[in-house]
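The values are calculated or read from the model by the stated rules, or taken from the named source; none is laboratory data. Everything quoted here is computed from the prediction, not taken from an experiment. When we count neighbours, we look across all protein chains shown, and the Cβ atoms used for this are built from the backbone with ideal geometry, even at glycine. With ligands, DNA and RNA removed, areas are computed over all heavy atoms of the protein, side chains included. Shrake-Rupley method; radii C 1.70, N 1.55, O 1.52, S 1.80 Å.
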Amino acid sequence: MLIASRQGHVFEAELQPTDEFFKREEKYFRQLAGRQCIRFEQFPASAKKYIVFLSTATRLYQFIGQVTDVEVAGSMFTELFRAHEGQNANFQEMPGSLGRSELQFWSPFVQATGYPSVPKTFTWLTAAGLYCGDLTFGNQTSGDSVINNAQLVPYPRTVEASSPGTAAETPYATIDIPLAVNVTEFHYLMLFESSIKALSILTSDIIYEENIPLEFGEFVIGLFVDRIKSTYWVSTNLALYELIITEEDRNVWRIYLDRKAYDAALSHAKERLDLNTTSNIIASHGRTEELLYFLELMGDYEKVVTHWLQQRDWPKALGTLARQNSVSLYYKFSPGLMEHAPFETVNAWIRQPNLNSRNLIPALLRYDASRTAGEPGAEGQNQAIRYLTYVTRNLANTDTAVHNYLLSLYIAQARPNDEDVLLQFLQSHVMASL
């Protein structure tokens, strides 16, 4: 274990189940001013690489390096700290001083192991505010930092009224610095002399506040966490209070949605809300673009296609069909699309070889050949004949209903003294049957 003393020293010690509790005591590093907090973590991808976080009242240090085998070297962290001798370690400095330091971490619990993983977020109590952020363990080496997205969150202000009879009897705000802090997955917990408050990590808003029912002569001592059971506790000189945390993520998806972080919003909404409820909430805010994006992420392409058909935006409706794999949606929406955008619809059919041509005959019956007559190139052809010719020739379709319908189209299209196309079709089928 590592121990940080009030005098600013760092010790390594081994706890043994004997009368001599501490073995192999090692003293590291120069003296660091003030009360300290310390924690070490192993890098997930490297069994020998560790980081030591150490905070004082004004500085947060990060020592990254290789550790040694205790049984071989007699000490685990000697080489790690020795690598930082004669050079400055990575640190963040904050103005002011509270005369105390508190550094807390949040780690997700891993069901498979029964223990928390490496920490994902942290918070550091400073005179300037809560210094907090994310932690990313990668290929960092000595002198690097694992901190990302760091920010300084101001402490809440307490509004008080000025004394009666003064020149300005108006409310003013004073900064209320917490006695202790901790962090959950989505909130910062701050302990004050007679109350506790929770700030949203995502918005920095106070979302919970409760007074602590202190008896006469009772005072708070600290805010603690059982990392195995993920329970949080407030201790006083007379009692121990548990903070019951339930559904702290219930509004997280709304916050991500407001920030247009759709993937994050979806991941939390799927856990809490059904599709219709979520869709209705997004629609009620008039956010059509976000709604369509959400529906596609949820795989509800039917509603997206319906929207574009109502908007008479045929290309976007066809584009949505092309991004999904359900052939049933082609059968459902093709009649309307064939009526208004026959050339583009046939193109979409050709790009989807898994379609059953027989099921598209109702859509072909809605096609009006006069809509494309006179257009240049393939767009001017009879689109029903174009598609059925493609499936019979290129996809070797032998469905009698498809061939009979194609024959009826050729007959209907044939003009007096110009029956060459019809005769070619009949000849090809006679040859194919021999």
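Below are the figures for this structure:
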item: Segment ARG39-TYR331, extension gain: residue separation times 0.36 nm, minus the distance between their alpha carbons; result: 99.0 nm
item: Förster radius 30 Å - calculated FRET efficiency between ALA127 and SER195, Cβ distance, rounded to 0.05; result: 0.90
item: With DNA, RNA and ligands ignored, accessible area of CYS37 (1.4 Å probe; Å², nearest 10); result: 30 Å²
item: Heavy-atom surface of region 248-357, accessible at 1.4 Å and reported per residue (Å²); result: 52 Å²
item: Neighbour net charge for ASN237 - beta-carbon separation under 14 angstrom, K R +1, D E -1; result: -3
item: Projected label distance in nm at SER267 and ALA369, using a 7 Å step from Cα toward the beta-carbon; result: 5.6 nm
item: Sparse-neighbourhood loop sites, GluC sites (Glu not before Pro) in region 219-312 - DSSP loop, at most 10 other Cβ within 10 angstrom; result: GLU247
item: Solvent exposure ordering (accessible area, 1.4 Å, most first) of PHE216, PHE333, PHE109, PHE11; result: PHE216, PHE109, PHE11, PHE333
item: Whole-number percent relative contact order across region 192-282, with pairs defined as alpha carbons under 8 Å at least 6 apart; result: 14 percent
item: Accessible area (Å², 1.4 Å probe, nearest 10) - LYS48; result: 90 Å²
item: Charge context of GLU41, other residues only, Cβ under 15 angstrom, K/R +1, D/E -1; result: +3
item: In sequence order, calculated HN-Hα J values of region 342-359 (Karplus, 6.51, -1.76, 1.60; Hz; x Gly/Pro); result: x, 5, 5, 5, 4, 4, 5, 4, 4, 6, 10, x, 7, 6, 8, 4, 4, 6
item: Stretch gain in nm, segment SER142-GLU85, where the contour uses 0.36 nm per residue and the Cα spacing is subtracted; result: 19.4 nm
item: Net length gained if the chain between ILE245 and LEU214 were fully extended (0.36 nm per residue, minus Cα distance); result: 9.1 nm
item: Virtual spin-label span in nm between VAL153 and ASP399, 7 Å along Cα→Cβ; result: 6.0 nm
item: Accessible area of region 169-293 belonging to carbon and sulfur atoms, whole % at 1.4 Å probe; result: 51 percent
